[in-house]
Every structure is written in structure tokens, then in C-alpha cells.
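Here the structure is laid out as C-alpha cells; the discussion comes afterwards.
The values are calculated or read from the model by the stated rules, or taken from the named source; none is laboratory data. These figures come from a predicted structure and were not determined experimentally. Cβ atoms come from the backbone with ideal geometry, glycine included; neighbour counts cover every protein chain shown.
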Amino acid sequence: MSPEEAAELMDRELIFELPNDLQCIEDAVEFVVSRCSTCQDVARRLRFNFRVSLVEALSNAMIYGNGRDPAKRVRLEVRLQPGRLTARVTDQGPGFNPLRVPDPTAPENLLEEGGRGLFLMRKLMDEVHYNDRGNSVTLILHLTRPAAFRDQATA
């Protein structure tokens, strides 16, 4: 990333309160991704990894966290900083323990539905963190590639 691009990526923050309606997810994610278009170095990761992870986080918040309750809302906070893109999704539910979600890749769980979204978020994002209560997930995508990856890409 050039110094000019880094200067262009100074702190930007978007905050949304979304209704607990799955129909709102696509527009919210598209809006966020469009506002991060200056992240050319990670365009593919932004278009795929970040988009899929954010859809999963919002879906999980609405379906499992808020129990599809239309009276509840989901808060989405997105922060673009030099070197990283952070999204925090918080629901109004009681929370859960992400460590208790079974591994969906274990042979005994392959036909089970639970845990796939969490698995995808962990694999597609650079960092995934939950608050102590378990009703808020923070997704982090690093916007600069590690030197070893850049060296392999140019070799």
C-alpha cells in the first residue's frame, strides 16, 4: 500500500441499527463493502471473505441471537483504519459460548447444520473475537498482506 493510499484510508466509521429482518442484510453488506472500495490491495478478500463473514455474523445475530424477534435490533459498527477493517455485530439476545459450538468438520457433525457460519467466519477472517456475554462478534480483516505472501506473489 502506497503512502497516498494509506493517507486515504484514515479512520472511517459506519454505525447502523438494523431491524431484525433477514431482508436487510444484503443491502447493509453491499453498502459497507461499497464504502471500503479504496482497499484495492485486498479487493478479492473484501468482496468474498469480508462479505461472506459479515452476512454470516448478521444472519446469526438475527436468527439465533435475537431469535427472529422483530422487536429486537442488530447493531453493526464498521471501522476502516490504515491496515485493517473491523466489523462488530451485536444482537440483543442472551448470548452464547462459541467454544461450545461443535466443530462442523468433525465426522460426527458433517450432516448437522450448526456451527458452519462460525467456522466460515474463522476461516475467512484474519481475526474473530466474541465478547464475554457472547452476543457480539468482532471480525477483523488485515488490509496489508504479510511480507512472505507478497514475496511469493511476486516470485
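Would you please name the residue that is surrounded by the most Cβ atoms within 10 Å (Cβ to Cβ), looking only at residues in segment 120-155 that are modelled with pLDDT under 90 and farther than 23 Å from P82 by Cβ? Within segment 120-155, the match that is surrounded by the most Cβ atoms within 10 Å (Cβ to Cβ) is Q152.
The set of residues in segment 70-90 that are of a type outside the set (K, R) and either crowded, with 19+ Cβ neighbours inside 10 Å or in contact with a helix residue (DSSP H, G or I) (Cβ under 9 Å, 6 or more places away or on another chain) (or both) comprises V74, L76, V78, L80, P82, G83, L85, A87, V89, T90.
When G117, G67 are checked against the criterion of being at pLDDT 85 or above and either in contact with a Lys or Arg (Cβ under 8 Å, 6 or more places away or on another chain) or assigned to a loop (DSSP other than H, G, I, E, B) (or both), a single residue qualifies: G67. Residue pairs whose Cβ atoms lie under 7 Å apart, separated by 6 or more positions or on different chains, with the first residue in segment 58-72 and among the hydroxyl-bearing types (S, T, Y) and the second surrounded by fewer than 16 Cβ atoms within 10 Å (Cβ to Cβ) and part of a helix (DSSP H, G or I), are S59/L22. Under 13 Å from the mean Cα position of the chain (by Cα) and modelled with pLDDT of 95 or more: is that true of E56 in this structure? Answer is yes for this residue.
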